[in-house]
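Remarks on the structure that follows.
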2 protein chains.
Amino acid sequence: MLEWLKEPEINFPDQLQHAGFEHGVCVGQIQAKAGLTQSTVSEYLSILQRAGFIESKRVGQWTYYKRNEGAFEALSNLIQSNL
Amino acid sequence: MLEWLKEPEINFPDQLQHAGFEHGVCVGQIQAKAGLTQSTVSEYLSILQRAGFIESKRVGQWTYYKRNEGAFEALSNLIQSNL
DNA sequence: CAAATATATCGACTTTTCCCGATATACCAA
DNA sequence: TTGGTATATCGGGAAAAGTCGATATATTTG
């Protein structure tokens, strides 16, 4: 999912017809692509958010998730310096 | 354990009296510091080795493990470029 | 407000991981 | 070769993570 969110236009072309990608990709799109149930994907996304790898933005009835690039940079640096 | 192996002299001073750190630190030393059983530590180390993070060298009845710094560098780069 | 849609949360079940004791293997010393 | 020490492997029980269906919450539309 994290890799998918790197290129929303390529991995979630369906969303383009309804909304842009300013705030990220909505749960339903990710769920469809993942092939897991709605509840599983929702929980998974919330875990990634709590871990800081993605951010969420509620817009109407949709919740959009997008990557927090800083977290990946930080993780990369952490491995390089502390591990 | 991976962090411990960064500075063997500091984290495993006992070993200095018996051997150097050229080949790393032996299982017993790591086990004592970890506070886990011998079997658990042995298995853990073999997993880390299979993953490429450490290398082992058998010397007599001892097996010494040391870090493979390249693996950490590679992981850091992987996160930065692919994730 | 009622129905429809999107997402979140809950409880249970399954799968995986963690960690142990027991035992096997390898090596050394006498 | 026998006994002692160090490490590896095996089998199982406990803990954690993954996944689901059912249900709750939030939002939009009529």
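Observations on the structure shown:
- Checking residue A:78 against (1) assigned to a helix (DSSP H, G or I); (2) more than 14 Å from chain B (Cβ to nearest Cβ), the condition it does not meet: (2)
- Considering the conditions (1) open to solvent by less than 80 Å² (accessible area, probe 1.4 Å); (2) within 16 Å of DNA strand C (Cβ to nearest atom), residue A:75 is excluded by exactly one of them, (2).
- Residue match in the stretch A:5-18 (condition: under 30 Å from residue B:68 (Cα atoms) and buried (at least 18 other Cβ atoms within 10 Å of the Cβ)): no
- Selection count where residues are out of contact with any strand residue (DSSP E or B) (no Cβ under 8 Å at 6 or more places or on another chain) and not charged (D, E, K, R), scope the stretch B:47-62: 6
- Scan of the stretch A:60-70 for residues that are more than 6 Å from DNA strand C (Cβ to nearest atom) and either part of a strand (DSSP E or B) or within 14 Å of chain B (Cβ to nearest Cβ) (or both), ordered by number: A:64, A:65, A:66, A:67, A:68, A:69, A:70
- Whether a residue is open to solvent by 80 Å² or more (accessible area, probe 1.4 Å) and of a type in the set (Lys, Arg) was assessed, and residue B:67 does not pass this test.
- Taking the stretch B:22-59 as the range and being away from every other protein chain (no Cβ under 14 Å), more than 11 Å from DNA strand D (Cβ to nearest atom) and open to solvent by less than 40 Å² (accessible area, probe 1.4 Å) as the test, only B:34 passes.
- Pairs, first under 14 Å from residue B:6 (Cβ atoms) in the stretch B:54-74, second surrounded by 13 or more Cβ atoms within 10 Å (Cβ to Cβ) and of a type in the set (Gly, Ala, Ser), C-beta under 7 Å, six or more apart: B:65/B:24; B:65/B:56; B:66/B:24; B:68/B:52; B:71/B:52
- Counted residues, the stretch B:9-51 - those being within 11 Å of DNA strand C (Cβ to nearest atom) and part of a strand (DSSP E or B): 0
The values are calculated or read from the model by the stated rules, or taken from the named source; none is laboratory data. Not measured: the values here are computed from a predicted model. Backbone-built Cβ (ideal geometry, glycine too); neighbour counts: all protein chains shown. What goes into the accessible areas is simple: the full protein's heavy atoms, side chains included, and nothing from ligands, DNA or RNA. Shrake-Rupley method; radii C 1.70, N 1.55, O 1.52, S 1.80 Å.
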